[in-house]
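Trainee: Take this structure first; my questions come after.
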Amino acid sequence: IPGLANGRYSVVVSSDQPVVAIANLIGQNTAGTIFYNGSYAGAREGATTIYLPAIVRAYYGWNSLISVQNVGSGPTDVTVTYTCGTNTYTHTKTGLAPNASVHFDLETNPPSGMPTGCNGSAVVTSSAQPIIVVDNQTAAGQGFTQSYNGFASGATTVYVPALYHDYYTWSSSLNIRKIGSGNTTVTVTYSDGGTSTCNLTDSLPSCMLYMPSVHPAKGRFAATITSSALPVVAIVNAANPNKQAQTYEGFMDGKASVGLPTVMKKYYGWDTSFTCQNVGSVSTALNITYQGYTANAYDTISLDPGKAVEVYQPAEGFLPNGYRGSVTVTAKAAGAKIACIVNQTHGANQAAGKGDWSMSYNAP
């Protein structure tokens, strides 16, 4: 942006019509040899309490950078309460101005007493105004970046369209946190069979499930998370040995039609795929419309409840190289609901070892 000084900013996007937005983060080390890429969706509104199901400090080289924006009309005080194991730690910021943001870096400025190796969760509270929160997790030595939005609320059923166990070298972990006081048992049902469980308590409010450890079958699969007593929130972290990493948030519900703001095919080296899960109770085919193109190969494919399909843009023969546009995905069956994520990768820069050139975002 011309005239904008170098630095870190928060943004408000306004329109006279409904819009959706994503933020792609790109940076590099001082030598210009390792790059970092993350992505997250813009928030429509804030809340006075936001939940983060995964935070890290020096956990296998990973650290969280938590950004909090005041989206209210007056100043507010912010408190971040972290849970590592059965211990809690806090960060605070007083008098955060409207539209301004504050950043809590667990690598350079952890709260007093927080140990290295922390892999836990957090709750961010605001005293007077609604806030929104993003966690950018980085492993600087390896060039990894993973970004995700905090949650204002949870649900007793949460959906994740894509999990991986050695899927084209990708593997993923699932982080789940409960909301509210008390105990709950969480069951994760995988779309290709099998389940995992977590018992969450007030002293241990979150758990992490690493797919190669809990899901023996290799490949790509979706999952449905159910909680016996309390609402929960969840994120999926994914990485591969080529130093690529990405993150997305679990879905509380779906829609009959979703919009994907950006998909690409060989666009300055970037390619995308999107994965949609049937999160409703009836089987449905999908209608997929690309900006500028009406060709559709998915009208006759029936997607059962809980199942997911991946659509890889370089395999779409009707799309030209250099394509960058939006997509609308619609469930054709009456009453059906879907939830979709988008994965973005830059194959040439991955192969050249230039750091993390992979990102993921939720369809808003």
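The values are calculated or read from the model by the stated rules, or taken from the named source; none is laboratory data. In this text the structure is predicted, and so the values were computed from the model without any measurement. Here the Cβ is made from the backbone with ideal geometry for all residues, glycine too, and neighbour counts use every protein chain on show. Note: areas computed on protein heavy atoms with side chains; ligands, DNA, RNA excluded. Shrake-Rupley method; radii C 1.70, N 1.55, O 1.52, S 1.80 Å.
Trainee: Among the residues of region 189-214, write down those that are outside any loop (DSSP other than H, G, I, E, B), closer than 17 Å to residue 51 by Cβ and open to solvent by 10 Å² or more (accessible area, probe 1.4 Å).
Mentor: 198, 206, 207, 208, listed by residue number.
Trainee: Of 94, 156, 116, 108, which residue is among the polar types (S, T, N, Q) and surrounded by 15 or more Cβ atoms within 10 Å (Cβ to Cβ)?
Mentor: Selected residue: 156, the only one of 94, 156, 116, 108 that is among the polar types (S, T, N, Q) and surrounded by 15 or more Cβ atoms within 10 Å (Cβ to Cβ).
Trainee: Within region 118-140, track down each residue that is β-branched (Val, Ile, Thr) and over 19 Å from the mean Cα position of the chain (by Cα).
Mentor: Result: 125, single match.
Trainee: Next question, about the same structure. Using the structure shown, decide if residue 315 is at pLDDT below 95, open to solvent by 30 Å² or more (accessible area, probe 1.4 Å) and more than 14 Å from residue 274 (Cβ to Cβ).
Mentor: Here the answer is no, as residue 315 does not meet what is asked.
Trainee: Taking region 135-148 only, how many residues are open to solvent by 20 Å² or more (accessible area, probe 1.4 Å) and within 16 Å of residue 66 (Cα to Cα)?
Mentor: Residues meeting the conditions: 3.
Trainee: If you don't mind, there's one more thing I want to ask. If you take the residues in region 74-91 that are over 21 Å from residue 178 (Cβ atoms) and over 25 Å from the mean Cα position of the chain (by Cα), which one is most open to solvent (accessible area, probe 1.4 Å)?
Mentor: This residue is 75.
Trainee: Spot the failing condition for residue 325; the list is (1) surrounded by 18 or more Cβ atoms within 10 Å (Cβ to Cβ); (2) modelled with pLDDT of 90 or more; (3) not hydroxyl-bearing (Ser, Thr, Tyr), and only one is missed.
Mentor: It is condition (1) that residue 325 fails.
Trainee: Quick check on my filter: what residues within region 258-290 are part of a strand (DSSP E or B), modelled with pLDDT of 95 or more and open to solvent by 50 Å² or more (accessible area, probe 1.4 Å)?
Mentor: 267
Trainee: With the requirement that a residue be of a type in the set (Val, Ile, Thr), more than 13 Å from residue 229 (Cα to Cα) and surrounded by fewer than 22 Cβ atoms within 10 Å (Cβ to Cβ), what does region 159-188 give you?
Mentor: The one that is of a type in the set (Val, Ile, Thr), more than 13 Å from residue 229 (Cα to Cα) and surrounded by fewer than 22 Cβ atoms within 10 Å (Cβ to Cβ): 169.
Trainee: Mind checking which residues of region 110-146 are part of a loop (DSSP other than H, G, I, E, B) and either out of contact with any Ser or Thr (no Cβ under 9 Å at 6 or more places or on another chain) or within 16 Å of residue 243 (Cα to Cα) (or both)?
Mentor: Those that are part of a loop (DSSP other than H, G, I, E, B) and either out of contact with any Ser or Thr (no Cβ under 9 Å at 6 or more places or on another chain) or within 16 Å of residue 243 (Cα to Cα) (or both): 113, 114, 115, 116, 117, 140, 141, 142, 143.
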